[in-house]
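So the structure is just underneath, and the comments pick up after that.
The values are calculated or read from the model by the stated rules, or taken from the named source; none is laboratory data. Just so it is clear, the structure is predicted and the values come from calculations on it, not from any experiment. Neighbour counts run over all protein chains shown; Cβ positions are idealised from the backbone, glycine included.
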Amino acid sequence: MHRKTDYRHRPTRYLIALAALLTLGGVSHAQEQSIEQTIATCQGCHGAEGVPVSADIPVLAGQEYYYLYVQLKDYKSGSRANPIMSQMVQNLSKDDMKALAQHFSEQPWPKVAAELDDSKASKGSSALAAGQCSQCHSTYQGDSRVPRLAGQQVVYLQQTMKDFKNKVRKNSPAKGSLMDSFSEEDLEAMAHYLAGL
């Protein structure tokens, strides 16, 4: 009989690898504590159970590893501007950022409660098709270097698309050009559709 696994109580591959490195003397106890403290700090906003504390904060749990790693690098370099996140990553090493991306990518994607407008979602589906967004994002579930958008926070999705449109977020110029072709009403509708997937 197939049993459903409860991943909340199962150690991640990251922690298993970390334990192995500790055994080999490759990571100090202080470094292990530092990563655990950083994860706890991240969870203060992004949620210990994967559900963020505010609607404008993205879900990280279950997001794509490489996408998470690149975003952390972009925050650190300044190519993705955010006063809070830029400050948070300043002292992170490349290995720290990889460990954080690994940790969050291995968590189960949470079910985020949101009030979604079906009529907006229908319009959003049409707008996404018109923009041929699925050519890169496929079914919006995430794949390797492409972020998962399905089930993401509706407010966060809408704000992110607006930031691309208004050239506030500049770490993907092609995305900025594409979002510029949509009205803000379209962006809101697209966010409602994606959040409901």
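Listed by first and then second residue, the pairs linking a residue in the range 53-71 that is touching a residue at least 60 places away in the same chain (Cβ under 8 Å) to a residue that is aromatic (Phe, Trp, Tyr), with Cβ atoms under 6 Å apart and 6 or more places separating them unless they lie on different chains, are Asp56/Tyr156; Pro58/Tyr156; Gly62/Trp109.
Quick check: anything in the range 121-131 out of contact with any helix residue (DSSP H, G or I) (no Cβ under 9 Å at 6 or more places or on another chain) and within 25 Å of Lys167 (Cα to Cα)? Yes - at least one qualifying residue is present in the range 121-131.
Here's the yes/no breakdown for (1) at pLDDT 95 or above; (2) farther than 15 Å from His46 by Cα; (3) of a type in the set (S, T, N, Q); (4) buried (at least 18 other Cβ atoms within 10 Å of the Cβ):
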{"site": "Lys94", "(1), (2), (3), (4)": "yes, yes, no, no"}
{"site": "Leu100", "(1), (2), (3), (4)": "yes, no, no, yes"}
{"site": "Glu106", "(1), (2), (3), (4)": "yes, no, no, no"}
{"site": "Pro110", "(1), (2), (3), (4)": "yes, no, no, no"}
{"site": "Gln141", "(1), (2), (3), (4)": "yes, yes, yes, no"}
{"site": "Ser144", "(1), (2), (3), (4)": "no, yes, yes, no"}
{"site": "Arg148", "(1), (2), (3), (4)": "yes, yes, no, yes"}
{"site": "Gly151", "(1), (2), (3), (4)": "yes, no, no, yes"}
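Restricting attention to the range 72-123 and to residues that are among the aromatic types (Phe, Trp, Tyr) and touching a residue at least 40 places away in the same chain (Cβ under 8 Å), the residue that is nearest to Leu194 (Cα to Cα) turns out to be Trp109. When Gln71 is tested against (1) touching a Gly at 6+ places or on another chain (Cβ under 9 Å); (2) closer than 20 Å to Phe164 by Cα, exactly one condition is not met: (1).
Among the residues of the range 34-46, those that are in contact (Cβ under 8 Å) with a residue 40 or more places away in the chain and surrounded by fewer than 19 Cβ atoms within 10 Å (Cβ to Cβ) comprise Ser34, Ile39, Thr41, Cys42.
For the range 153-171, taking the residues that are of a type in the set (A, V, I, L, M) and either surrounded by fewer than 15 Cβ atoms within 10 Å (Cβ to Cβ) or more than 18 Å from Leu60 (Cβ to Cβ) (or both), the one that is modelled with the highest pLDDT is identified as Met161. The residue list Val70, Val51, Val59, Val27 contains one member that is at pLDDT below 95 and of a type in the set (Val, Ile, Thr), which is Val27. The residues of the range 73-112 that are in contact with a Ser or Thr (Cβ under 9 Å, 6 or more places away or on another chain), of a type outside the set (S, T, N, Q) and assigned to a loop (DSSP other than H, G, I, E, B), listed by number, are Gly78, Arg80, Leu92, Glu106. Among the residues of the range 141-171, which ones are within 21 Å of Ser79 (Cα to Cα) and in a helix (DSSP H, G or I)? Hits for the range 141-171 are Tyr156, Leu157, Gln158, Gln159, Thr160, Met161, Lys162, Asp163, Phe164, Lys165. Here is the figure for the range 172-197: residues that are surrounded by fewer than 21 Cβ atoms within 10 Å (Cβ to Cβ), in contact with a Phe, Trp or Tyr (Cβ under 7 Å, 6 or more places away or on another chain) and assigned to a helix (DSSP H, G or I) total 2.
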